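Quick notes on the structure that follows.
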Amino acid sequence: MIGRILPPAVRWSHSFGDRDDPLFPEELALVERAVEKRRAEFATVRACAREALAALGHPPAPLLPGPRGAPVWPDGVVGSMTHCAGYRAAVVAPSDEIALLGIDAEPHAALPEGVLDTIARPEEHTSMAALPTAEGIAWDRLLFSAKESVYKAWFPVTRSWLDFDEASIVIAPDGTFTVRVLIPGFAPTGERLTGFHGRWLVDRDIVVTCIAMTGIR
Ligand SMILES: CC(C)(COP(=O)(O)OP(=O)(O)OC[C@H]1O[C@@H](n2cnc3c(N)ncnc32)[C@H](O)[C@@H]1OP(=O)(O)O)[C@@H](O)C(=O)NCCC(=O)NCCS
């Protein structure tokens with residue numbers, strides 16, 4: 001389903017359950033002491049990522065976390081991974097075609113009590129209140145997911161933290177969202193990241209958000 005909201009340059013693979021593909025020893029060492037749920041999602045999303053990388057011509061290789069947990073991709077590749085109850089997905093693209101890439105998936109259910117107030121800015125509360133209720137979309141969960149996608153697109157480029165209240169998101173009912181970043185953040189080229197465009201969908205009780213942009217704006 002994630003393929004419906006990604007441009008053609010992005011290769012992807014997903015899974016609705018866990019797979020038992022083997023991990024590389026370096027990866028195994030990272031989850032040796034993890035609970036089974038974490039080990040399984042870690043392994044499954046890496047199997048997905050290796051499939052997506054194979055579509056770009058990259059042979060299987062360990063996918064290890066770098067600074068602040070951001071995955072280290074092969075040279076010339078940008079990518080992103082997500083896992084939540086019932087869904088795992090990985091996306092990759094050539095870095096000369098896609099500059100910013102981030103995905104997130106969440107179960108399609110309202111956020112637990114109190115969470116929205118910790119992640120949403122006042123103007124986000126206002127714009128969400130105007131969104132249609134007829135289709136039963138959990139707009140608060142969608143906003144949370146969009147913010148996670150923003151961070152996953154932002155961090156690998158800027159190498160800096162971005163808090164929930166440091167980006168302002170407007171969700172549109174047509175399956176898109178726009179993001180205004182409220183703090184300075186710069187790519188290694190010196191270009192400033194001021195915002196993002198994203199897309200979203202809800203399918204099979206999963207909310208998926210993605211940012212896949214050809215250039216920095
Ligand atoms: C890192 C974070 C975004 C992960 O999101 P999540 O919903 O908890 O978990 P997901 O399963 O969707 O994604 C986990 C994957 O994200 C990736 N990830 C982790 N840290 C990352 C980072 N700094 N940059 C990019 N990707 C990262 C990893 O691939 C990880 O999977 P892995 O541990 O198996 O390698 C989240 O835990 C976090 O720290 N959020 C706070 C920052 C934020 O969201 N700010 C909002 C800005 S508007």
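The values are calculated or read from the model by the stated rules, or taken from the named source; none is laboratory data. Quick caveat, the model's predicted, so the values are computed rather than measured. Every residue, glycine as well, gets a Cβ built from its backbone with ideal geometry; the counts of neighbours run over all protein chains shown. In case anyone asks, the SASA skips ligands and DNA or RNA and just uses the protein heavy atoms, side chains included. Shrake-Rupley method; radii C 1.70, N 1.55, O 1.52, S 1.80 Å.
What to note about this one:
- Residue that is at pLDDT below 95 and outside the structural domain of P71 (by TED's automatic domain parsing), where the choices are T189, T126, T118, T176: T189
- Subset of the range 45-75 (residues that are near the ligand (Cβ under 9 Å from one of its atoms) and touching a strand residue (DSSP E or B) at 6+ places or on another chain (Cβ under 7 Å)): V45, A49, L63, P65, P71
- Filter result for I211 (touching a residue at least 60 places away in the same chain (Cβ under 8 Å), in a loop (DSSP other than H, G, I, E, B) and either open to solvent by less than 20 Å² (accessible area, probe 1.4 Å) or more than 9 Å from the ligand (Cβ to nearest atom) (or both)): no
- Note on the range 163-184: among residues that are over 14 Å from F196 (Cα atoms) and within 10 Å of the ligand (Cβ to nearest atom), the one that is farthest from the chain's Cα centre (by Cα) is D165.
- Any chance G185 is among the small types (G, A, S) and either surrounded by 18 or more Cβ atoms within 10 Å (Cβ to Cβ) or closer than 23 Å to M81 by Cβ (or both): yes
- Contacts under 7 angstrom Cβ, first residue in the range 143-162 being within 8 Å of the ligand (Cβ to nearest atom) and assigned to a helix (DSSP H, G or I), partner open to solvent by 40 Å² or more (accessible area, probe 1.4 Å) and at pLDDT 95 or above, 6 or more apart: K147/F164; F155/R68
- A single entry from G198, G215 fulfils the requirement of being within 17 Å of I5 (Cα to Cα) and among the small types (G, A, S): G198.
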